[in-house]
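I have placed the structure first, in the form of structure tokens, so that the comments after it can refer back to it.
The values are calculated or read from the model by the stated rules, or taken from the named source; none is laboratory data. Bear in mind the structure is a predicted one, so any value in this text is a computation, not a measurement. So basically every Cβ, Gly included, is an ideal-geometry build from the backbone, and we count neighbours across all protein chains shown. SASA here: full protein model, heavy atoms, side chains in, ligands and nucleic acids out. Shrake-Rupley method; radii C 1.70, N 1.55, O 1.52, S 1.80 Å.
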Amino acid sequence: MKRWRWLAVGGVLLGLLLATLVLLDSLSRIYITLAAVSPVLAQLALGVFVLAVLAFVGLAIYSLWPFLRPRRRVVPLPRPRSATEAASLNLEAVQRQVESIQDQVARQAILEQTQALQESLYQGDLTLAVFGVGSAGKTSLINALMGKPVGEVGATLGTTQTEQTYDWQLPQVPRRLRLIDTPGLSEAGVAGTEREQAARATAARADLILFVVDDDLRQSEYVLLQDLLALGKRTLVVLNKADRYPRQDLEALLDRLQARLVPPLSEDDVVAIAAQPQPLPQVGGGLVQMRPNLFPLIARLADVLRQEGDALMADNLLLQSQQLGDQARRLLEQQRQTQADAIIDRYQWLGAGAIALAPLPGFDFLATAAINAQMVVDLSRVYGGEVSLEEGKTLALSLAKTLTGLGLVKGTVDLLSLGLQLNLATAVAGRALKGASGAYLTRIAGKSFVEYFRHNQTWGDGGMGAVIEDQFRLNQRDVLLKAFVQEATSRLIPLVKDCPP
């Protein structure tokens, strides 16, 4: 308990003690005086006084109880001790989110991905994605690493049409490795674009990326590489076909690459190799095929995988679990938005009908208040809240006052009177305009409450007024306004025509 609380309690208790002493002295005097007149009257006065003192003490204890009772300590959740533990917690959170997703296909897909990640938490192979533009030598690199031809190579773009995976073992690295040959980037046509998207998705899932180039980085390569690094993907840049450059040119090229990439990469993360060297002429004629020169890459890979292998997998699993959580949240948000839009649509036209058909002046405002209150309750349930009908009425009334204070009620009538342009009898036109205005204001109210519930029942820094003005501005867009006016006309004109004046 803090010192100031002790001081406050002590001061109150001291005051009570002094007051009690004064009262006891007064009681003794009164009792002696009454006893001389009537002992029965003295006993009765004493009883009444005791009851009053007990009531006073009870009231004092009740008042001091918030200071005296031990406060419940809020125990912070323990922080994850590792990336693997954090990933596990993320996956548990994803599973809880998925329970609320109604789309069975999307729900099952996320559950399957969650299960696959959970199985990989404490066991699994390290995946290395060989990634880069077409014909940079990705497949040649994999063939050289495997020590045998496993993939087709060619001079033209698009030789690798689909993702290929190969098991590989690196000496002194205990984990099994999986090499993934991805389709090339920057290939023409729809098929090339689709293959590039698949390659990007594979790279985003891999533990380590071998980004293969055969020259200085193109702008498109540089942008893509920066995106991968921003994701936190561990990357080695592999300059292939180094045998085609004179020594001085190769060193200058490596310097340029390192200058563009260090940091976040280190100088050791940019290596030059020759996965499929060009044949060299031999004495006496003919050509001799040189062996691949992969030593700089193998040496760097061995260092990285020995020192960072477990961390790479853990960090990658954490990243994938976060992305899966984001995917689940987006699906849940889309589902909630669809449900909220349906609720707002239903209540705005219920309100419009009640206002258009209101037989007495003022009835429309009562009807709208009740409708908006129930709309608030239904919206809160969509977003996992528990707002009572009384709370809904309070919120709806507060929002209605804010709408009026901002001048949006009159603004709505002016806005819709131009849009409706009714060439009907005055009574019919007036009722239709009132109904449409009520529907529009209910729509603004509903959209505003969606933002309120989306942000954990807070209005944000700008307060309720800022949210309402923002929604009023968004719903004034031509496409939305025209669609609303068209629907209002089709719904309300037949309704008010059939209504007796």
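Give, as a single signed number, the net charge of other residues whose beta carbon lies under 12 Å from the beta carbon of residue 310, with Lys and Arg counted +1 and Asp and Glu -1.
Numbers: positive: 175, 306; negative: 207, 308, 315.
So the environment of residue 310 carries a net charge of -1.
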Stretch gain in nm, segment residue 43-residue 470, where the contour uses 0.36 nm per residue and the Cα spacing is subtracted: 146.4 nm
Listed by chain and number, the lysines with an alpha carbon less than 20 angstrom from that of residue 401, same-chain partners under 8 positions apart left out, are 393, 410, 434, 447
Solvent-accessible surface (1.4 angstrom probe) belonging to residue 227, in square angstrom, nearest 10: 80
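Among 203-215, 328-340, 307-319, how do they line up by average Cβ neighbours within 10 Å per residue, starting with the highest?
On the way: 203-215: 22.0, 328-340: 16.0, 307-319: 19.1.
Output ranking for 203-215, 328-340, 307-319: 203-215, 307-319, 328-340.
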Quick one: which of 104-111, 465-472 comes out on top by average Cβ neighbours within 10 Å, and what's the full order, highest first? 465-472, 104-111
Using a Cα-Cα cut-off of under 17 Å, which aspartates and glutamates could be cross-linked to residue 482, ignoring same-chain neighbours fewer than 8 residues away? 345, 414
When the chain is fully extended, how far beyond the present Cα-Cα distance does residue 330 get from residue 112, taking 0.36 nm per residue of separation? 76.7 nm
Show which lysines lie in cross-link reach of residue 241 when reach means a straight Cα distance below 30 angstrom and same-chain residues fewer than eight apart are skipped. 138, 148, 233
Determine the order of 481, 225 by accessible area, beginning with the largest, at a probe radius of 1.4 Å. 481, 225
